[in-house]
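Before any comments, here is the structure.
Each value in this text was obtained by applying a stated rule to the coordinates, not by laboratory testing. Just so we're clear, the structure is a prediction, and the values are computed from it rather than from any experiment. Counting neighbours? That spans all protein chains shown, and the Cβs are built from the backbone with ideal geometry, glycine included.
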Amino acid sequence: MTEDAEAKLQAIFRAALELPPHANVTRAGQREVASWDSLAHAMLMLAIESEFGVAIDAADQIRLTSYPAIRDYLEERVARGAMP
Amino acid sequence: MNFLEARRVLDAFRGGEALSFALGLSGTGEPFDVYLRAAAAKRGRAAEVRFLPFNTLAQALRHPPDPGVTEVFLLLPWDFVPEADWRSGVAPSVDEQRLRDPAMETAALLARRPAARLLYLPAPMPPLCSERARDAALARWIESLAIGLGARLLPAEAFTLGGYFSSGCPIGGAWIGRVAEAVVEAVVGRPGEPKKVLITDLDNVMWNGLLVDDGLDGIAFEPAGRGYRHFVYQSLLRRLRSGGTLLAAVSRNDHDVVTPPFRSGRMVLREEDLVAIIGSYHAKSAQIRELARQLNLGLDACVFVDDNPVELAEVSLQLPEVRCLAFPAHDDELPAFLDSLATLFAHRDITAEDRERTEMYRRRLAGMVPSDLEGADLTRFLEDLKMTLTIHDRSRGDWTRAVQLINKTNQFNLNGRRVTEAEVGAMLDAGGRLFGASLADRTGDHGEILACLVAPDGTMQSFVMSCRVFQRRVEYAFLAWLAAQPSPPTALQWASTSRNAPFQQFLAEVAGPLNGNGLVRLVPAAVAARHAQDLALFIVADPALAR
């Protein structure tokens, strides 16, 4: 993942989960972040779709519950050529 | 509008008049919230949205509407035919004869809410009928039912099955911003009242190219190549005009410069198809306000089309009642754009008076004087553009683009003087300086848009800027930057031409009242101080790095 894409993903996390501007989100998971409820998760998935130009399947949306998982998922989409 | 842009808009929004409404859809509405508030904020309004709980739309329609609440319903096929809901799986069997009964009932309930704003998303449906052709016919029938109720049609691609399955939100991330804008537009607009006046920009909207620089033979508006998009646009305008829509043009040009294409006999539209062609260098918002006043029509009856986001922002900020539409930058965006126009100007019955309306108003407008009123303060908007001005020292190396700009620019041109590369080379060898400047912002890269040639004695001999970037304060920022450099220019070789009125306005502002052609003195320290705020709108790249 490029530095720009990683920075964008971190900005999405902070905004969607209402975290402080400089919070380290690279290890964030749904269990640890109190504001990461089901609504925030839906918003996070929509935000990622809108910013990265992808459509995320329901099964993936349900398992993507941490920053590393989402990062890996996006990297895998890039590797498959399934992301613009 | 993507997520991060929506957040930026909300962070910069300092509040405005409340825009309250209730949004009902067969799904989860809450993820819309940030996009709806941002779409409203872009119109200067503070959205207060109440979402109907998931799967309660059918029940809500059975209660009488609260006259104090503006309702918006974002309808899906399964609001009419419940068996079509993907979340219920594929129905084991259906009575095809009775599939349409609940749809008629829903339509009747919606028809009892004439004040409600309706949007219809023709999402794909699972197989229901014995033959797919019948499914397709059913889908078309539901769509026509929705349109018959006055619903605005949304693109089917906006639906996402992944999001609908996992969270109940039927709109995908790629579309949610645009759908939110359509919802807010539906709330702001008055239902059932078509617009009356379409006010359009000319360069790169009515035709491809810049008339004043490219000339009549250099612009394109015919059904070929780069003219196609503009030909189709003109064709729609012609149809709207025949249906009673009033057409007007507002352009940052002189009136006599912009009329020849309409008189050429080669364009779809002719001069008499427009109630007014206003050529003026004043703010477009002021021209539109004056036009509406003289037509005796409300600003909320007006739609403004331009390709320049700064012009659109200026009009939108100053005249929030005017519906502003961006002319599409790509062919693929044309169908949705034309659909928006056709919807805004929908007229069911065309009368003889409709057909004669343009001529009637042309008589009324004969002798209209362009307004000198001020435009909107665009500072906040310009700050949000995140503009980067890269200044190039073209005194050495490639000066091709700078010379090209000097020789093709007419409006923002210090004196209209054309130069050869040899002349420029001689001046630079003798100690002169040549600067170029490129502009980029969050809307894209505008390329090298400015050139400035300073003679060895410190007199500015050429100063030109592309009219594509008017209103961004680039010229003021550049001059402020230049005035703060070692050995800044202390005079400009000014000459009035038939087309450089925009430069004359600029020069009078930075150097005081002009007294004919010739040398105009400049006080660098005063210029740098007066326009420091303009310079602060830009990130200025180090010229040493930008050769």
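With each label modelled as a point 7 angstrom along the Cα→C-beta vector, the residue B:443-residue A:62 pair spans 4.5 nm. May I ask for the distance between the Cα centers of the range B:1-20 and the range B:437-475, given as a whole number of Å? Measuring centre to centre over Cα atoms gives 32 Å.
Our note on the geometry: Cα centres of the range B:122-192 and the range B:289-328, 29 Å apart. Please grab the % of Cα pairs in chain B that end up more than 31 Å from each other. For chain B, the share of Cα pairs beyond 31 Å comes to 55 percent.
Give me D for the range B:176-256 in µm² s⁻¹, whole number, from Stokes-Einstein with Rh from the Kirkwood sum over alpha-carbon pairs, 4 °C and 1.567 mPa s. Calculated translational D: 87 µm²/s.
Under a model in which nothing but the beta-carbon of Lys, Arg (+1) and Asp, Glu (-1) is charged, the protein assembly as shown shows a dipole of about 900 debye around its Cα centre. Taking +1 at the Cβ of each Lys and Arg and -1 at the Cβ of each Asp and Glu, which of B:489, B:335, B:49 sits farthest along the dipole of the protein assembly as shown towards its positive end, judged by Cα position relative to the Cα centre? It is B:489, whose Cα lies furthest towards the positive end.
Here the contact order of chain A, divided by its residue count and restricted to Cα pairs under 8 Å and six or more residues apart, works out to 33 percent.
Taking the charge dipole of chain B about its Cα centre, with +1 at Lys and Arg Cβ atoms and -1 at Asp and Glu Cβ atoms, the residue from B:168, B:250, B:440 reaching farthest to the positive side is B:250. All other residues whose Cβ lies under 11 angstrom from that of residue B:433 are scored, Lys and Arg at +1 and Asp and Glu at -1, for a net of +1.
All C-alpha to C-alpha distances of the range B:96-152, sorted into 10 Å bins beginning at zero, yield P(r) values of 22, 52, 23, 3 percent in whole numbers.
Averaged over the residues of peptide B:22-31, the number of Cβ atoms from other protein chains lying within 10 Å of each residue's Cβ is 2.
Taking all Cα pairs closer than 8 Å and separated by 6 or more residues, the relative contact order of chain B comes to 10 percent. Basic side chains Lys and Arg get +1 at the Cβ, acidic Asp and Glu get -1 at the Cβ, and with that the dipole of chain A about its Cα centre reaches some 120 debye. Of the beta bridges in chain B, as assigned by DSSP with both residues counted there, near 40 percent are antiparallel. Of all DSSP bridge pairs formed entirely within the range B:438-530, close to 85 percent run antiparallel.
With the convex hull constructed from alpha-carbon coordinates only, the protein assembly as shown shows a mean projected area of 32.7 nm² over all directions. Sparse packing (at most 12 other Cβ atoms within 10 Å of the Cβ) combined with a DSSP loop state is found for the following trypsin sites (Lys or Arg not before Pro) in the range B:98-128: B:98, B:112.
With a Förster radius of 56 Å applied to the C-beta separation of residue B:101 and residue B:297, the computed FRET efficiency comes to 0.80.
The distance from the alpha carbon centre of the range B:391-413 to that of the range A:10-35 is 48 Å, rounded to a whole number. Legend: ranking of residues B:30, A:76 from fewest to most surrounding C-beta atoms inside 10 Å; resulting order A:76, B:30.
Take each residue in A:36-46, count the other chain C-beta atoms within 10 Å of its C-beta, and the mean is 6. Tell me the net charge near residue B:249. Cut-off is 15 Å between Cβ atoms, residue B:249 excluded, with +1 for each Lys or Arg and -1 for each Asp or Glu. It works out to a net charge of -4. Peptides B:65-71, A:57-63, A:38-44 ordered by packing proxy, namely the average of other Cβ atoms within 10 Å per residue, highest first: A:38-44, A:57-63, B:65-71. Beyond 31 Å in Cα-Cα separation lie the following of the pairs B:42/B:195; B:284/B:408; A:8/B:408; B:196/B:408; B:195/B:386: A:8/B:408; B:196/B:408; B:195/B:386. A cut-off under 10 angstrom between Cβ atoms defines the neighbours of residue A:73, and their net charge, with Lys, Arg +1 and Asp, Glu -1, is -1. Calculated mean residue ellipticity at 222 nm for chain B: -10500 deg cm²/dmol, from DSSP H runs with n ≥ 4 weighted as -39500 (n - 2.57), summed, divided by the residue count and rounded to 500. Put a plus charge on the Cβ of each Lys and Arg, a minus charge on the Cβ of each Asp and Glu, and nothing anywhere else: the dipole of the range B:418-497 about its Cα centre is then about 320 debye.
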